[in-house]
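First the structure, in the form of structure tokens, and then the observations on it.
The values are calculated or read from the model by the stated rules, or taken from the named source; none is laboratory data. All values derive from a computational prediction rather than experimental measurement. Positions of Cβ are backbone-derived with ideal geometry, glycine not excepted, and every protein chain shown enters the neighbour counts. Areas reflect the complete protein model, heavy atoms only, side chains present, ligands, DNA and RNA absent. Shrake-Rupley method; radii C 1.70, N 1.55, O 1.52, S 1.80 Å.
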Amino acid sequence: MSSSNLVDRGDERLKQSVGVRGAIRAFLDRVRSGDLGPLPVIVGLVIICTVFESLNDVFLSSNNLVNVLYDSSTIGVISLGIVCILMVGEIDLSVGSVSGFASALLGVLWVNANWPVWLAVLAAIAAGAAIGFLYAQLFNRFGMPSFVSTLSGLLAVLGLQLYILGQSGSINLPYGSPMVSFGQSLFMPAILSYALVLIAGIGVFATGYRTARRRQAARLSSRSTASIAAVAIVLTVALEASVFYLNLDRGVPWMLGFFLALVLMLHYALTRTRWGRSVTAVGGNREAARRAGINVRGIYTSAFVLCSVFAAIGGVLSSARLASASQQAGTGDVNLDAIAAAVIGGTSLFGGRGSAYSALLGIIVIQAISSGLTLLDLSSSLRYMITGGVLAVAVIVDSLARRSRVSHGRA
Amino acid sequence: MDDPTLLARRGELVLSLRGISKHFGAVSALTDIELDVHAGEVVALVGDNGAGKSTLVKILAGVHQPSSGTMRFGGKEVTLADPGAALSLGIATVFQDLALCENLDVVANIFLGRELGPLGLDEVSMEIKAWTLLRELSARIPSVREVVASLSGGQRQTVAIARSLLLEPRLIMLDEPTAALGVAQTAEVLNLIERVRDRGLGVVMISHNMEDVRAVADRIVVLRLGRNNGVFTPDASNHELVSAITGAAENAVSRRSDRRRAMMPPPAAGEEARP
């Protein structure tokens, strides 16, 4: 179909980008105007991998990558919550404490009080939801800045965690229980991991093809079948190769599969539902969203609750990973890592821009740095400094890109 | 939009305000405002800065709640607790600051809060409907998939008006619809206002530009310091309007127009009408 009789290609001012060269030029234009997408993370990952691999050749071994991805899954889930809250332009500084409290609650209810494990997990998640709901009420009813309410929550919830753990300070979760093996040794059968990747690739092609057909039928511009197929094939091959490399060692952890499923679900919710559209609108222009009839308070509440729920799930996962619920759970750099991951991955601190994938990419960067530095036997003092530096760079990139977007009219 | 029931309702009282007041602390922004809008009628709301026009629009849009007074819409007494309530009653508003989300594209802005397919957005249908609405306004938007941040002021105005028409409202309010527009786009928006009126919608338009007001308004309601200060027909003289708006028959504007009239009759209409 020639482009002139398409409904959305009638304006002569519109730059036409057709074919591979057009696609590349459109991409370069976007990057130049500050619409970086996941580009900085991918560049960052390549640099990190090159540097650490040259310093220690264990870094890129299957075994180490499996560990990195395993560890990424726990904090990655927490980071998904941070994406939700950053999208509406707020912040939650207490996700570390909430995750620690959830893991402590799991330990106390499951091991000490002999609750069935599923009920204990549900209770931990419900506690997270209640904390998020409290933040939302403080924000909506009293106009308490989320920065302050969650900062006080950081202390208060940490206190709660220490209180319910009591004198012992640490509860060991039973080895061999499904919960702990999920956190430590449960891997997908190789054949299943290949099949899932294949299904994902087919899914990418099928949805792309269906959209293109519908747009064609409506005389809107659409991507060619060849380009949809090319993207799907490249994606499938790349993922199959990664899965193959992981399968050389133990394989794909189920916990990573769980994390990826959550990423996909949040991505769908943020981009394909009315709720996600409302979240983006509230983050972009709160007053405009209110005047469009969006229940702004409800959206804030959902973001705060989701953030704390993801934090609680992350806490449960990390207690499974460590086979214990201790006073140390959720302290240290958990908070910073979760927030940094979302920002490094490209979710803006200023609200209204972000993606569930940023949690995935960002946490892989952070865990890769942490793993590389551990392999080099560097002390945690140096690790903190370097992670802090990377976060600073990520925020600078975010701010510069934002300024550039504004001046290019792409805010 | 061509709903025959709407056409049949022409002339029927759509909106009726009685004794509407609004206080912000010690300041009375509006006092005992009365306003009637009929179907198929353009009511221009004029007044100086601080006369309470925008406050009145915000009350009608459900953004502010009146301190006292009654509001009847379609014959029933209503209270507008929030903007959603006004929208679902059929009162659409194009705000002066347009209230668009710059980080969303044109389609998303037009359908904001009213997306098709809440659990699986129907982007194709929304895009088609967006193009249809923009075509009706003869709008010149290069692409509906660009974020609003990249549009010019006039294009944003068009998007805001298109959005207000999406819900097929019974009353549409335009706060300074032509303030940011070029010559051709102003004419286009005025045409559009007439088209909307001819469909049997009530239109409330706020403007500082007497030329635009005279071009489309059926009645001109003047507000001054938060009170009603007269209702005029479009053929009222500039002198009458300006003195109703400024509250004085004798002022710089009227003196200058008198001087001009004395020097070179007849005066250029509109030139002297700008407050």
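Can you list residues from other chains, or at least 5 along the same chain, whose modelled amide H is less than 5 Å from the amide H of residue A:144?
Distant-sequence amide H within range of residue A:144: A:139.
Using just the C-alpha positions of the protein assembly as shown as equal point scatterers, what log10 of I(q)/I(0) does the Debye formula give at each q in 0.08, 0.09 1/Å?
Computed log10 I(q)/I(0) values: -0.74, -0.88.
Going by accessible area, probe 1.4 Å, with all protein chains left in place, what is the ranking of A:111, A:83, largest first? It would help to have the intermediate numbers written out before the result.
Details: A:111 50, A:83 0 Å².
The most accessible residue leads, giving A:111, A:83.
Provide the convex hull volume over Cα atoms per residue for segment B:103-234, in Å³. Before the final figure, lay out each step's value.
Values: hull volume 17.1 nm³, N = 132.
Measuring per residue, one finds 130 Å³ for the Cα hull of segment B:103-234.
For residue A:187, what residues show an amide H to amide H distance below 5 Å, using hydrogens built from the backbone and excluding near sequence neighbours?
Under 5 Å from the amide H of residue A:187 lie the amide H atoms of A:254, each far enough along the sequence or on another chain.
Hey, what do the phi angles of segment B:33-48 turn into as Karplus ³J(HN,Hα) couplings, whole Hz, using 6.51/-1.76/1.60 and θ = phi - 60°, x for Gly and Pro?
Per residue, the Karplus-derived 3J(HN,Hα) values read 7, 10, 7, 10, 10, 9, 5, x, 9, 9, 9, 8, 10, 10, x, 6 Hz.
At a threshold of 8 angstrom on Cα-Cα distance, excluding pairs fewer than six apart, so keeping six or more, what relative contact order does chain A reach in percent? Could you put the intermediate results ahead of the total?
Working: 608 pairs, mean separation 141.8, N = 411.
The normalised contact order for chain A reaches 35 percent.
How big is segment B:103-167 along each principal axis, measuring the range of its Cα positions in Å and listing the largest first?
Answer, in whole Å and largest first: 33, 24, 17 Å.
Per residue, what accessible area does segment B:103-167 have, given a 1.4 Å probe and all protein chains present, in Å²?
Details: 2020 Å² over 65 residues.
Accessible area per residue: 31 Å².
Using a 1.4 Å probe over the heavy atoms of the protein chains, calculate the carbon and sulfur portion of the accessible area of chain B as a whole percent. List each step's numbers first, then the result.
Details: 5890 of 11300 Å².
With neighbouring chains kept in place, the figure for chain B is 52 percent.
Using only the Cα atoms of segment A:136-223, each taken as one equal point scatterer with no solvent, compute I(q) by the Debye sum, divide by I(0), and report log10 of the ratio at q = 0.11, 0.17, 0.18, 0.20 Å⁻¹.
-0.82, -0.84, -0.87, -0.95
I'd like the interface area for chains A and B: accessible area of each alone minus the complex, both sides summed, 1.4 Å probe, protein heavy atoms only. What is it in Å² to the nearest 100? Spell out each step's value before the answer.
Details: alone 20470 and 12850 Å², together 30160 Å².
Chains A and B together bury approximately 3200 Å².
As an exercise, use a Förster radius of 25 Å and the Cβ-Cβ distance of residue A:42 and residue A:152 to find the FRET efficiency, rounded to the nearest 0.05.
With R0 = 25 Å, the Cβ-Cβ based efficiency is 0.10.
Counting only C-alpha contacts under 8 Å and six or more residues apart, can you give the relative contact order of segment B:103-167 as a whole percent? Please list the in-between numbers first.
Working: 60 pairs, mean separation 30.3, N = 65.
Dividing the mean separation by the residue count of segment B:103-167 yields 47 percent.
Do you know which residues of segment B:119-149 lose at least 50 square angstrom of accessible area in the protein assembly compared with their chain on its own, with a 1.4 angstrom probe?
The answer is B:121, B:124, B:127, B:131, B:140, B:142.
Rg and Dmax of segment A:189-301 over Cα atoms: what are they, in angstrom?
Reported Rg and Dmax, both Å: 18.7, 55.
How about segment A:291-332: which of its residues lose at least 40 Å² of accessible area in the presence of all protein chains relative to their chain isolated, using a 1.4 Å probe?
With the partner chains in place, segment A:291-332 has these residues losing at least 40 Å²: A:291, A:292.
Rounded to whole Å and sorted largest first, list the principal axis extents of the Cα atoms in segment B:9-141.
Projected onto its principal axes, the Cα set of segment B:9-141 covers 48, 36, 31 Å.
Hey, can you list the DSSP H helices of chain A whose Cα span along the axis is 30 Å or longer and whose average Kyte-Doolittle score is at least 0.5? List each step's numbers first, then the result.
Values: long enough: A:62-87 (35 Å, 1.32); A:117-142 (37 Å, 1.57); A:190-217 (41 Å, 0.69); A:225-247 (32 Å, 1.72); A:296-322 (39 Å, 1.37); A:380-407 (40 Å, 0.73).
Span-like helices here: A:62-87, A:117-142, A:190-217, A:225-247, A:296-322, A:380-407.
Normalised by the number of residues in chain B, what is the relative contact order in percent for Cα pairs under 8 Å and 6+ residues apart? Display every interim value, and only then the final one.
Numbers: 511 pairs, mean separation 67.7, N = 275.
Once normalised by length, the contact order is 25 percent.
Which of the aspartates and glutamates could a cross-linker span from residue B:53 if the Cα-Cα distance has to be under 12 Å and same-chain partners fewer than 8 positions apart are dropped?
B:175, B:176
Which of the residues in segment B:66-105 lose at least 10 Å² of accessible area when you go from the chain alone to all protein chains together (probe 1.4 Å)?
Those are B:83, B:84, B:87, B:95, B:97, B:99, B:100, B:101, B:102, B:103, B:104, which lose 10 Å² or more relative to the chain on its own.
Can you give me the three principal axis dimensions of chain B from its C-alpha atoms, in Å, biggest first?
That gives 66, 42, 40 Å along the principal axes, largest extent first.
Starting from the amide H of residue A:348, placed 1.01 Å from N in the peptide plane, find each other amide H under 5 Å away whose residue is 5 or more places distant or on another chain.
A:353, A:354
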